[in-house]
Structures are given as structure tokens and as C-alpha cells.
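Notes for the one structure printed next.
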Amino acid sequence: MTVIDRGSVEDLLVNAPTKNSKVLDFVRSIAERTTPDAIEWITGSEEQRSSLLSQAIDTGTIVKLSHPEDSYYAASDPDDVARVEDRTFICSEKEEDAGPLNNWVAPAEMKGILNDVFAGAMRGRTMYVIPFVMGHVDATQPMFGIEVTDSPYVVLSMGIMARTGDVALEAIDRLGADFVECVHSVGAPLEPGQDDVAWPCSSTKYITHFPEDRSIWSYGSGYGGNALLGKKAYALRIASAIAHDEGWLAEHMLILKLTNPEGESKYVAAAFPSACGKTNLAMIEPNIPGWKAETLGDDIAWMRFGPDGQLYAVNPEFGLFGVAPGTGYVTNPTAMTAIEAGGNVFTNVALTDDGGVWWEGMTDEKPAHLTDWRGNDWTPESETPAAHPNSRFCTPIANVPTIAPEWQNPDGVPISAILFGGRRKTTMPLVTQTSDWNHGVFMGSILSSETTAAAVGKVGVVRRDPMAMRPFIGYNVGDYLQHWINIGKTDGARLPKIFYVNWFRRAEDNSFLWPGFTENARILKWVFERVNGTADAVQTPVGFAPVAGGIDLDGLDITEEQVQKALEVKPDEWAEELQSIDAWYDELGEHVPAELRAEVEELRDRLGLK
Ligand code: GDP
Ligand code: PGA
Ligand code: MN
């Protein structure tokens, strides 16, 4: 283990743009441990960005594209393409506080492991210091972080995904604010004279969180969700623990604004697991006359009670980190317009022969020749996809043409409805409204989805994913559910209505029963009108469903009969579901709130299965 002496770290720190001892002590301690060759403080200036881009192009980390403008491409190591949930740890003092769903290692033991792997980890590399703020710097409670990383790709991506640089450091200094310590290394130190590779990473990976210290240590991966630590690691795992202590919610939700033909607006938040349609719904362009949707966020919502008792949501992020495949001119023209506006970093998509990008689903017609994400020639006859199924576009949210004017409101927008949903071929109806907050929390707690390529592992297996937060709850899931119940008991709360949706139900021939995408606006319209009390509903054992003809199908080429199939509550499917819910609550153990156990019994009763 090499440790450079204090003197040389002090040399590296002479140009530090702050005198804040907490910041300097943090940066110094990481530099002493990881022994980088240099330290660079990220200011957020355009000059610095240009210089980082040129360096990253020179080392082959990124390639400049001919179009869109100011856009870059990175291909990852083929073994570093998604979040690694089995290498993700919540290191609370007590194992019970991490709960049954998280991997747990005692903090002292994990700190020992991290001591070993981080020792000298940045040798031969530059350590970048990225001050950032999640949400608006003028928020009532601004939320700061400092990520140190040895990855220029992370610096460039964080520059899109969060408000970074001087804006954050100045505020940390001015306010004497705390910040979440985020430490990241790709885990690939360079010996003198050793050539670097385009995407350095390690076969050993640790994505670790210390919810009690509010710190994050990530080792061995350069991939977004593992390495852009403001995103899932901070804004969900650490923030959920902070939110639990402080009485607010940090959730895996998009935020959108919906306006009806009379000009009345409502804000909706929706939680779907990774790669289940958040980015698409956030950018929906309704094709029902007079209805308008605008975007506020596509992945994360922080919700705090406002003075009027409503939950106000902010999107703590500044960019989109969207799943590329399936994002196209037909399915999501808004995202395509945002991408075309430039300033993107793409990862693991395919390259066109004229220096642009392509992925499955971008256009109906496949290009005759591409370079696939592994760097091989690709033609429409190739048997493997051109873009990795979890390839991503990283794009400034300001590019989104449908961005709502209030997206920069420091304290957010009041939420009228929350949607939960996942990818289920059977059982779950297209839409139902829950009967009250606790029933809504119950439906969130049993959210289930077929797994996707967004995380390493088998795809297409049904798993429970409470509030779409399974991989992101920084503490015990039972306590998290109790926190949701408690939010509902807050004095003076004017709570959003909760709905459950499933865009992915299939017919016998395996086709989707509901056309989805743009047409989901018809479901949003029903949600809006339910909130306003102007749409009728029928009671089913699992919630209120639209009456026959209740979903506006005007101009749509599907029959009411098919919609009824998508809405159907099938007793045999629900009998099976109930068994699986019982097993799920057994798995969650003793921390499951009594209120939710009561909901299961009420459901059993309504299904006639008592
Ligand atoms: P996110 O990761 O939750 O933001 O999900 P995305 O919006 O990026 O979508 C992930 C995948 O689901 C993409 O391949 C989309 O094409 C697909 N998808 C999104 N919305 C729908 C929908 O309403 N119906 C169907 N069938 N697929 C959808
Ligand atoms: P997502 O998040 O998978 O929910 O889109 C990005 C990531 O963590 O990879
Ligand atoms: Mn997304």
C-alpha cells in the first residue's frame, strides 16, 4: 500500500478554490488515501469543460459525434453496463436497519474493505472534485454533495445531471452547509508508463452507502447508476434515509404537469421501476384535443409538505439519463427533440457511418450498416442488438421542449396524484384508483414488475418493487413503508390521490392490450378528472376502475372491449397474486406496518378469499 506523504497532498491542494476546512479535510483525506497525480476542482466553466472534453477525446474515453451538436459517445467495458445490485451495500450500524432487501455489511468491516481497495486507487490519474447541489441552490433546504472521482466521463456526465461547480461550492461556503461525501474511483490505478484503456474499471465492485454518516463510496464501475453519485446513490438511497428522519419523501418518480382544455393544471408524480416508462411518460405529448402535458422531471422526486399541507415535489436533477432503446420519433418525439438540441453524452449506443448515433426503436427502418456498442460491424441481419439494451442518452433537461416553466421553482410544485406501476403481462389492471392513502400505500408496497436490463441479472422475472424503490431504499423497507403511512397521518395534510397503472398487460397472443406511450394521456385524463371528482368509477376488489366508456378512446383505433380486457380484475389471477403478496409480506418481516397487514386482510375479504 502506497501512501503519499502529507506534504505532496498539500502541494496538490494549493490551488483549492475554497478555504472551507470541512471541504478541504474531506478532499485531503481522499487524496492521501488514493494518491492521485493531480487534483482538479470542477468549476462548471465552459472553458474547463472544453478542456476536459479534449483530454477525454485524446485518451479515447469519448468520441466526438458529427451530430447532434456538441455530443459525445462512450462505449463501456462490456462487463460494466448497468447497476450492480448484488454489489450495492447499505452499511448501517445495525443489520436490521438495512432491512431484508438490502445487502448489508457492518460499517467498520466495510470501511476496512474500502481502506484496502481505495489505497492508491487513483495512482496515475487526476482526482476531480465536483461540488454539486441536488435541486435548486435557492431551495429552502438546499442539498449539497461533493463527489471526488478519477473518471472524466463521470465529470462530464455529472455536469449534465446535476448543478455542479462554483454555484454549489460558493453556497456550501456561504451557508457553512453540510454536504454528502461521495467518493468514486474506477479502481484502475496506472503504473508509470502503463497505457490507459478507453473505459477503465475493475472486476471488483463496491457501491456502498453509509446512511448514518450520509456518505457514499463507489469503487470499480464507471457506469451511470454506479458512478454518477448524485443520482440513485444520493438522491434516493441517502436522501430516503434523510427524508425518513426529517418527515419528507425521496422517491423514484417522474413529475409532470397536466393542463385540461379549460386551462386548469395539476401536477402528477409517478413511480415505475427502471426501464418501465418514466422518461416516456414525463415527456408525453397528449393527442387528445385541448390537453397539454409538460415535463418537470423523469426519474426522481423529492416531496416535502408546503405551508398549505400539500406535498410539493422538486426534481433534484438537472439532466436526463434515459434508456435509449425504444426511445424514438414515434414513441417519444419530445425526447428525440431534446437529444437533437445537443450537449449529450451517449453510452453504449450504436454509431452510424456518418458519425451519429442509432439504437433499436429510434427509427422504424434499420440503418444498413452500423458499428455496434462493442465496436463490431453490424447490419440488420446481425443477431445481436446494435445498441446495448441498457444503453443511455445523457441530456440536459433544459433541452426538453415540453419543459414546464416552473421546473426551476426552488421548492417545487404541489402534487395532486401519484401513480404507481410496473411491467406485468397479467393480473394488474390498466388503471385503478385506490380508496384512500393507506390503500394507496398498500398498492405501492406490492408494486411488481418483470425485471429489465437496467440492472445486471435475469430479465423478465416478476419481482416485488415497493414504490419502484427496491434497489434504492437506504434503510429497512418495513420502516420505509411505515414512513409512508405516517406521512398520511400528518396534521393538516392535503394528500395526493394514489392510482395504480399497468401499460404492459398482454393479450393471449402476447400483444400489448393497451397501445401505451402517447395514448397514456387518456389514462392521465381519467386520473385528472377523478381528482376533480368529475369522472365516474366502478368499485372492484382492487380499487376504483373506469366505468364502461370511461376512458376517452376518441380517435384511437382500439375497441372498448379491448380496454375492458386491460381493465379486468380476474379472480383466478388475484387468488394467485394474494398468495404471492402473503409471501412478500412474510419476506419483509416484522417491520411491515400493521396498517398494511390490515389492507391485505381487507383485500382478501373483498376478493372473497377469507
Ligand atoms: P424509465 O427507465 O422508467 O425512464 O423508462 P423509459 O421511459 O426509458 O422506458 C423504458 C422502456 O419501456 C423503453 O423501451 C420504452 O420504449 C418502453 N415503454 C415506455 N412506455 C411504454 C408504454 O406505455 N408501453 C409500452 N409497451 N412500452 C413502453
Ligand atoms: P434507471 O437509473 O436505471 O432507473 O434509469 C439509471 C441507473 O441507475 O442506471
Ligand atoms: Mn428514465
Out of (1) at pLDDT 95 or above; (2) surrounded by fewer than 16 Cβ atoms within 10 Å (Cβ to Cβ), the odd one out for residue 495 is which?
(2)
Kindly indicate which of 314, 323 is in contact (Cβ under 8 Å) with a residue 40 or more places away in the chain and touching a Ser or Thr at 6+ places or on another chain (Cβ under 8 Å).
323
Specify the residue that is nearest to residue 144 (Cα to Cα); the eligible residues are those in segment 277-320 that are more than 16 Å from ligand 3 (Cβ to nearest atom) and either β-branched (Val, Ile, Thr) or under 11 Å from the mean Cα position of the chain (by Cα) (or both).
314
Keeping to segment 529-563, report how many residues are in a helix (DSSP H, G or I), closer than 19 Å to residue 502 by Cβ and under 33 Å from the mean Cα position of the chain (by Cα).
3
In segment 33-42, anything crowded, with 17+ Cβ neighbours inside 10 Å and either polar (S, T, N, Q) or more than 11 Å from residue 131 (Cα to Cα) (or both) is listed as 33, 34, 35, 36, 39, 40
Please work out if residue 241 is more than 13 Å from ligand 3 (Cβ to nearest atom) and touching a Gly at 6+ places or on another chain (Cβ under 7 Å).
yes
Condition met for residue 60 (within 24 Å of residue 180 (Cα to Cα) and surrounded by fewer than 19 Cβ atoms within 10 Å (Cβ to Cβ)):
no
Can you report the number of residues in segment 338-384 which are within 21 Å of the chain's Cα centre (by Cα) and outside any loop (DSSP other than H, G, I, E, B)?
5
Search result, residues across segment 75-93 that are part of a loop (DSSP other than H, G, I, E, B) and either more than 30 Å from residue 391 (Cα to Cα) or touching a strand residue (DSSP E or B) at 6+ places or on another chain (Cβ under 9 Å) (or both):
75, 76, 81, 82, 84, 91, 92, 93
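The values are calculated or read from the model by the stated rules, or taken from the named source; none is laboratory data. Computed from a predicted model, the values in this text were never measured in an experiment. FYI the Cβ positions are ideal-geometry reconstructions off the backbone, even for glycines, and counts take in every protein chain you see.
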